[in-house]
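In what follows, a single structure is set out as C-alpha coordinates and then discussed.
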Amino acid sequence: MGYWNSRGLRGSGFEDLINFSNDIYRQKNIALIQKIPTPITPIEVDNKKHTITLAYFEKQSTVDYIGAVQGIPICFDAKETAKKHLPIQNIHSHQLEFMEDFIKQQGVAFLLVNFSSLNEIYFLPFEVLKEYWENALNGGRKSIPYDAFEKKYKLNTKNGTINYLEAVNEYLKTR
(Lines give C-alpha, C1' and ligand atoms only; values in the text may rest on other atoms or scores of the structure.)
Protein backbone atom coordinates (compact mmCIF):
# COMPACT_ATOMS: atom_id res chain seq x y z
CA MET A 1 0.00 0.00 0.00
CA GLY A 2 1.30 3.49 -0.83
CA TYR A 3 1.89 6.14 1.76
CA TRP A 4 1.10 9.82 1.61
CA ASN A 5 3.38 12.52 3.00
CA SER A 6 4.15 16.15 2.11
CA ARG A 7 5.31 15.02 -1.37
CA GLY A 8 1.63 14.30 -2.04
CA LEU A 9 1.03 18.00 -2.53
CA ARG A 10 3.38 18.34 -5.50
CA GLY A 11 1.63 19.97 -8.42
CA SER A 12 -1.16 21.41 -6.27
CA GLY A 13 -0.72 24.86 -7.86
CA PHE A 14 -1.17 23.26 -11.27
CA GLU A 15 -4.26 21.43 -10.06
CA ASP A 16 -5.61 24.68 -8.59
CA LEU A 17 -5.32 26.18 -12.08
CA ILE A 18 -7.19 23.22 -13.57
CA ASN A 19 -9.85 23.34 -10.84
CA PHE A 20 -10.43 27.05 -11.43
CA SER A 21 -10.70 26.41 -15.18
CA ASN A 22 -13.22 23.65 -14.52
CA ASP A 23 -15.27 26.03 -12.36
CA ILE A 24 -15.35 28.53 -15.24
CA TYR A 25 -16.36 25.79 -17.71
CA ARG A 26 -19.20 24.82 -15.40
CA GLN A 27 -20.36 28.41 -14.82
CA LYS A 28 -20.46 28.97 -18.59
CA ASN A 29 -22.32 25.67 -19.05
CA ILE A 30 -19.55 24.37 -21.35
CA ALA A 31 -18.47 21.30 -19.37
CA LEU A 32 -18.83 19.53 -16.06
CA ILE A 33 -15.45 18.16 -14.92
CA GLN A 34 -14.89 16.86 -11.40
CA LYS A 35 -11.67 16.34 -9.46
CA ILE A 36 -11.55 12.77 -8.17
CA PRO A 37 -10.15 12.71 -4.63
CA THR A 38 -7.60 10.07 -3.72
CA PRO A 39 -8.96 8.08 -0.78
CA ILE A 40 -6.51 8.11 2.15
CA THR A 41 -6.53 6.98 5.76
CA PRO A 42 -4.61 9.30 8.11
CA ILE A 43 -1.96 7.70 10.34
CA GLU A 44 -0.31 10.75 11.89
CA VAL A 45 -1.78 14.22 12.34
CA ASP A 46 -0.04 17.43 13.39
CA ASN A 47 -2.70 18.89 15.68
CA LYS A 48 -0.94 22.26 15.95
CA LYS A 49 -0.94 22.76 12.18
CA HIS A 50 -4.16 20.79 11.59
CA THR A 51 -2.47 18.77 8.85
CA ILE A 52 -2.04 15.11 8.01
CA THR A 53 1.66 14.22 8.17
CA LEU A 54 1.40 10.53 7.28
CA ALA A 55 -1.37 8.47 5.70
CA TYR A 56 -1.83 5.43 3.51
CA PHE A 57 -3.82 5.11 0.32
CA GLU A 58 -6.99 3.11 0.92
CA LYS A 59 -7.08 1.91 -2.68
CA GLN A 60 -5.65 2.84 -6.05
CA SER A 61 -7.27 5.87 -7.58
CA THR A 62 -8.15 6.14 -11.26
CA VAL A 63 -7.37 9.52 -12.80
CA ASP A 64 -7.40 13.05 -11.42
CA TYR A 65 -10.41 14.32 -13.39
CA ILE A 66 -13.51 12.95 -15.07
CA GLY A 67 -16.55 14.55 -16.65
CA ALA A 68 -18.37 15.52 -19.81
CA VAL A 69 -17.96 18.25 -22.39
CA GLN A 70 -21.03 18.91 -24.51
CA GLY A 71 -21.98 15.24 -24.23
CA ILE A 72 -18.46 13.87 -24.75
CA PRO A 73 -17.06 11.94 -21.77
CA ILE A 74 -13.47 12.87 -20.85
CA CYS A 75 -10.98 11.75 -18.25
CA PHE A 76 -7.48 12.97 -17.63
CA ASP A 77 -4.61 13.08 -15.23
CA ALA A 78 -2.50 16.12 -14.38
CA LYS A 79 1.26 15.62 -14.29
CA GLU A 80 4.02 18.08 -13.53
CA THR A 81 7.74 17.86 -14.18
CA ALA A 82 10.66 20.26 -13.76
CA LYS A 83 12.61 18.26 -16.36
CA LYS A 84 12.47 18.42 -20.15
CA HIS A 85 10.76 15.05 -20.19
CA LEU A 86 7.96 13.29 -18.35
CA PRO A 87 9.19 10.17 -16.54
CA ILE A 88 7.03 7.14 -17.34
CA GLN A 89 7.26 6.17 -13.65
CA ASN A 90 4.99 9.19 -12.95
CA ILE A 91 2.14 7.30 -14.64
CA HIS A 92 0.77 4.24 -12.86
CA SER A 93 -0.42 1.11 -14.62
CA HIS A 94 -3.89 1.34 -13.05
CA GLN A 95 -4.25 4.86 -14.50
CA LEU A 96 -3.27 3.67 -17.96
CA GLU A 97 -5.69 0.73 -17.71
CA PHE A 98 -8.53 3.01 -16.59
CA MET A 99 -7.88 5.41 -19.48
CA GLU A 100 -7.82 2.52 -21.94
CA ASP A 101 -11.13 1.19 -20.60
CA PHE A 102 -12.56 4.72 -20.72
CA ILE A 103 -11.69 5.00 -24.42
CA LYS A 104 -13.37 1.64 -25.08
CA GLN A 105 -16.55 3.29 -23.78
CA GLN A 106 -16.21 6.06 -26.41
CA GLY A 107 -14.59 8.52 -24.01
CA VAL A 108 -11.55 10.75 -24.54
CA ALA A 109 -8.54 10.22 -22.26
CA PHE A 110 -5.40 12.33 -21.99
CA LEU A 111 -2.79 13.93 -19.77
CA LEU A 112 -2.28 17.59 -19.02
CA VAL A 113 1.46 18.02 -18.49
CA ASN A 114 3.03 21.06 -16.87
CA PHE A 115 6.71 21.57 -17.71
CA SER A 116 7.24 23.84 -14.72
CA SER A 117 10.81 24.85 -15.58
CA LEU A 118 9.66 25.96 -19.05
CA ASN A 119 6.37 27.44 -17.86
CA GLU A 120 4.57 25.43 -20.56
CA ILE A 121 1.52 23.18 -20.34
CA TYR A 122 0.57 20.55 -22.92
CA PHE A 123 -2.29 18.24 -23.77
CA LEU A 124 -0.96 14.72 -24.42
CA PRO A 125 -3.33 12.30 -26.18
CA PHE A 126 -3.67 8.85 -24.66
CA GLU A 127 -2.32 7.21 -27.83
CA VAL A 128 1.02 9.00 -27.43
CA LEU A 129 1.18 8.10 -23.74
CA LYS A 130 0.44 4.45 -24.50
CA GLU A 131 3.11 4.30 -27.20
CA TYR A 132 5.82 5.55 -24.83
CA TRP A 133 4.50 3.33 -22.01
CA GLU A 134 4.75 0.21 -24.16
CA ASN A 135 8.20 1.19 -25.45
CA ALA A 136 9.39 1.59 -21.86
CA LEU A 137 8.03 -1.85 -20.94
CA ASN A 138 9.99 -3.32 -23.86
CA GLY A 139 13.30 -1.81 -22.73
CA GLY A 140 12.98 1.53 -24.52
CA ARG A 141 13.13 5.08 -23.25
CA LYS A 142 11.74 5.50 -19.72
CA SER A 143 10.34 8.97 -20.32
CA ILE A 144 8.35 11.01 -22.79
CA PRO A 145 10.66 13.68 -24.24
CA TYR A 146 9.58 17.31 -24.48
CA ASP A 147 9.85 17.03 -28.29
CA ALA A 148 7.06 14.43 -28.30
CA PHE A 149 4.59 17.09 -27.17
CA GLU A 150 3.01 18.62 -30.26
CA LYS A 151 3.06 22.42 -30.38
CA LYS A 152 -0.56 22.47 -31.55
CA TYR A 153 -1.43 21.08 -28.12
CA LYS A 154 0.45 23.73 -26.15
CA LEU A 155 -2.01 25.38 -23.77
CA ASN A 156 -2.20 29.02 -22.90
CA THR A 157 -3.06 30.34 -19.48
CA LYS A 158 -5.15 33.48 -19.26
CA ASN A 159 -6.73 35.11 -16.22
CA GLY A 160 -5.77 32.15 -14.06
CA THR A 161 -7.32 29.53 -16.34
CA ILE A 162 -6.08 26.87 -18.75
CA ASN A 163 -8.29 26.48 -21.79
CA TYR A 164 -7.51 22.81 -22.31
CA LEU A 165 -10.83 22.22 -24.08
CA GLU A 166 -9.39 23.95 -27.17
CA ALA A 167 -6.81 21.15 -27.35
CA VAL A 168 -9.50 18.51 -26.80
CA ASN A 169 -11.45 20.04 -29.69
CA GLU A 170 -8.34 20.07 -31.92
CA TYR A 171 -7.68 16.45 -31.01
CA LEU A 172 -11.25 15.41 -31.82
CA LYS A 173 -10.93 16.97 -35.29
CA THR A 174 -8.06 14.61 -36.09
CA ARG A 175 -9.41 11.48 -34.39
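The values are calculated or read from the model by the stated rules, or taken from the named source; none is laboratory data. Note that this is a predicted model, so its numbers are computed, not measured. Ideal geometry is used to build each Cβ from the backbone, glycine not excepted, and the neighbour counts take in all protein chains shown. Note: accessible area is taken over every heavy atom of the protein model, side chains too, but ligands, DNA and RNA are not part of it. Shrake-Rupley method; radii C 1.70, N 1.55, O 1.52, S 1.80 Å.
Quick notes on this structure:
- Atom-type composition of the exposed protein surface of the chain places 49 percent of the accessible area on carbon and sulfur (1.4 angstrom probe).
- Projecting the Cα positions of Asn119, Phe98, Ala109 onto the charge dipole of segment 72-132 (unit charges on Cβ atoms of Lys, Arg, Asp and Glu, taken about the Cα centre) puts Asn119 furthest along the positive direction.
- Highest mean packing first, where packing is the average number of other Cβ atoms within 10 Å per residue, the peptides 123-134, 65-76, 21-32 line up as 123-134, 65-76, 21-32.
- Total charge dipole magnitude, the chain, about the Cα centre, Cβ charges on Lys, Arg, Asp, Glu only, Debye to nearest 20: 340 debye
- Residues in the chain average 59 Å² of solvent-accessible surface per residue, probe 1.4 Å, ligands and nucleic acids excluded.
- Summary of packing: across the peptides 109-118, 154-163, the per-residue average of other C-beta atoms within 10 Å ranks them, highest first, as 109-118, 154-163.
- Radius of gyration and maximum dimension Dmax of the chain, Cα, Å: 16.6, 53
- For Ile36, residues with placed amide H under 5 Å, excluding near neighbours: Tyr65, Ile66
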